[in-house]
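Here the structure is laid out as structure tokens; the discussion comes afterwards.
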Amino acid sequence: MVRTYGELYRHLKYILQEEEGVMAPNTARELISFVTGYDPAALMGMQSIYASEDTSKRVLELAGRILAGEPLAYILGKWSFCGLELTVTPDVLIPRDDTMAVVELALEQRFALPKAPRILDLCTGSGCIGLALASRLKDARVTLADISSKALKIAKKNAADLRLTGRVSCLQADALQPASRFLGQFDLLISNPPYVTGPEMETLQRSVRDYEPHLALYGGPDGLDFYRSIAVNYTAALKPGGFLCLEFGQGQEDAVCWILEAYDYEVLRLKRDAGNITRAVLAQKKERNDEDGNG
């Protein structure tokens, strides 16, 4: 059936309503823009123009993938975070607004960092956190680290696309194993590690459960495996007086703070996300030698 762009948009919005809810209008616009190559703003002035049959067919095929639970970001292959357009694939988590909290918390601490600070983004995935910091802290030297070679490939592409490779490097590292001495020491370690609990893995939305990488989601039975490991294995990779900034799941703040305090960190501040959920913590490594108990 041949439709105008306006009719196609309204039809898409209607069929996507049950799956996408309030995001249905945005998803409909993005799908039409993706297929046609027209900017969503330009499409607003094309409501009475007829879309080709091929365009309508392709858009409806993509809508079918949305209805099957596939995330829009993986269909588009791109997603925006902190004003940066990033490549995303099913090898990496989709950057979410929740993660803005840990970025903002780190940026609030920028005046306490030395010149040309060394920053480690552990469990980097797409590189969204480290690249957001590199784009705003113009003298920072950022290392993006992940256990997944496929994720690192995406992170490297994003660093190159953003022309940040002069100050951003990528390497493979396992957050659950001792940090390599090759890493040296950092002024700031920031991470959005896996924190979904065993029971929560069973109740995730199907768009997350069936499409996003479980390696980047599952944080152990209680969701805290990576926080314990970072405290045990990566404190030595942080300079005395250096800062640790971590994202965590809803309701995990007390447990994460307890872990950090038990490993001789001073918890400085907690940060809420846009949904008013406590989402990130800033802590400082006490200024003493590592052999005195940090690591």
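The values are calculated or read from the model by the stated rules, or taken from the named source; none is laboratory data. Everything quoted here is computed from the prediction, not taken from an experiment. When we count neighbours, we look across all protein chains shown, and the Cβ atoms used for this are built from the backbone with ideal geometry, even at glycine. Note: areas computed on protein heavy atoms with side chains; ligands, DNA, RNA excluded. Shrake-Rupley method; radii C 1.70, N 1.55, O 1.52, S 1.80 Å.
Results, tabulated for the structure shown:
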{"quantity": "For the chain, built as a Gaussian network whose Cα springs stay under 10 Å, the top-fluctuating residue of 113, 86, 188", "calculated": "113"}
{"quantity": "Check: the chain dipole with +1 on Lys, Arg Cβ and -1 on Asp, Glu Cβ, in debye", "calculated": "1020 debye"}
{"quantity": "The range 162-295 - convex hull of alpha carbons, volume per residue in Å³", "calculated": "137 Å³"}
{"quantity": "Cβ-defined net charge surrounding residue 56, 12 Å radius [Lys, Arg +1; Asp, Glu -1]", "calculated": "-1"}
{"quantity": "Extent along principal axes [Cα atoms of the range 1-107; Å; largest to smallest]", "calculated": "51, 29, 23"}
{"quantity": "Out-of-range pairs (alpha-carbon distance over 20 Å; input 78/153; 115/138; 115/157; 157/239; 78/157)", "calculated": "115/157; 157/239"}
{"quantity": "Calculated [θ] (222 nm, deg cm²/dmol) that DSSP helices of n ≥ 4 give over the chain, each run adding -39,500 (n - 2.57)", "calculated": "-11000 deg cm²/dmol"}
{"quantity": "All-pairs Cα distance distribution in the range 3-60, expressed in whole percent, bin size 5 Å", "calculated": "4, 23, 33, 27, 11, 2"}
{"quantity": "GluC sites (Glu not before Pro), loop per DSSP, at most 16 other Cβ atoms within 10 Å - longest free stretch of the chain", "calculated": "1-201"}
{"quantity": "Among 121, 222, 187, residue whose mean-square fluctuation peaks in a GNM of the chain (springs only between Cα atoms under 10 Å)", "calculated": "222"}
{"quantity": "Helix axis angle, 149-161 relative to the chain longest principal axis, alpha carbon, degrees", "calculated": "80 degrees"}
{"quantity": "Cα gyration tensor shape for the range 49-173, rounded if a/c is under 1.5, else prolate or oblate", "calculated": "prolate"}
{"quantity": "Extension gain, residue 255 back to residue 182 (0.36 nm per residue minus Cα-Cα distance, nm)", "calculated": "23.2 nm"}
{"quantity": "Tilt relative to the chain, helix 24-36 - C-alpha long axis, 0 to 90 degrees, to 10", "calculated": "80 degrees"}
{"quantity": "Calculated from backbone phi, Karplus (6.51, -1.76, 1.60) coupling profile of the range 100-112 in Hz, x at Gly/Pro", "calculated": "4, 4, 6, 5, 4, 4, 5, 5, 5, 9, 4, 6, 8"}
{"quantity": "Label-point gap, in nm, between residue 75 and residue 171 - each point 7 angstrom along Cα→Cβ", "calculated": "4.0 nm"}
{"quantity": "At most 13 other Cβ within 10 Å, DSSP loop - trypsin sites (Lys or Arg not before Pro), the range 144-206", "calculated": "163"}
{"quantity": "Point-to-point label distance, residue 139-residue 57, nm (Cα→Cβ direction, 7 Å offset)", "calculated": "5.9 nm"}
{"quantity": "Cα-derived Rg over Rh, computed across the chain with Rh taken as Kirkwood radius", "calculated": "1.04"}
{"quantity": "Relative contact order, percent, the chain [alpha-carbon distance under 8 Å, six or more residues apart]", "calculated": "15 percent"}
{"quantity": "Heavy-atom accessible surface of the range 176-295: percent carbon and sulfur, 1.4 Å", "calculated": "49 percent"}
{"quantity": "Paramagnetic reach from residue 157 in the range 13-33 [backbone N under 20 Å; point 7 Å along Cα→Cβ]", "calculated": "31"}
{"quantity": "Prolate/oblate/rounded label for the range 99-198 (Cα gyration tensor, a/c 1.5)", "calculated": "rounded"}
{"quantity": "Selected from 59, 88, 103 as most flexible by GNM, with the chain as the system and alpha-carbon contacts under 10 Å", "calculated": "59"}
{"quantity": "Whether the range 204-254 is rounded, prolate or oblate, judged on the alpha carbon gyration tensor where a/c under 1.5 counts as rounded", "calculated": "prolate"}
